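For reference, the structure is listed below as structure tokens.
Derivation of every value follows stated rules applied to the coordinates shown; laboratory data play no part. The structure displayed is predicted, hence computed values, not measured ones.
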Amino acid sequence: MTKAYQNQLTLLLAELDLDLNPDIELQVKSFFGGAAAYANGHICLSLTKVGFAVKLPQVDREELLNIGARPLRYFPKAPVKKQYVILPDRIMYEPSDLRKWVRKSILFVTVQEK
């Protein structure tokens, strides 16, 4: 199943045509039975059975929570991953909105590294 998530996430990122700065290296790896995207070695996105999650600053997470995003929890009794939210379907099915949030997540983790 992990390989299927890796393939799905790789395809999704390619289809979004993110137009990233050439100094940003994006890799997709296996993660908790799903897949995760890493920007310059920093995890920023995950795709698992619980949904597609993005790592963002608090202000962006709050904006998304107000329009249907959910806090990320990988397992029912696990703690909430505080810097992540699971995107709602309406964003997942709108490429321009999805591109916006994926780019924000990638930029968030790569700016933090400096």
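The translational diffusion coefficient of the chain, from Stokes-Einstein at 20 °C and 1.002 mPa s with a Kirkwood hydrodynamic radius over alpha carbon pairs, comes to 152 µm²/s. The value for the range 13-68 of Rg(Cα) / (2.2 N^0.38 Å) is 1.23. Quick one: length gained pulling residue 97 to residue 62 fully straight, 0.36 nm per residue minus the C-alpha distance? Gain on stretching residue 97 to residue 62: 11.0 nm. Helix content alone sets the calculated 222 nm mean residue ellipticity of the chain: runs of n ≥ 4 DSSP H residues at -39500 (n - 2.57) each, divided across all residues, give -12000 deg cm²/dmol. The range 44-105 and the range 21-35 have Cα centres lying 16 Å from one another. Total lysine pairs in the range 1-113 at Cα distances under 21 Å, for residues eight or more apart or on different chains: 17.
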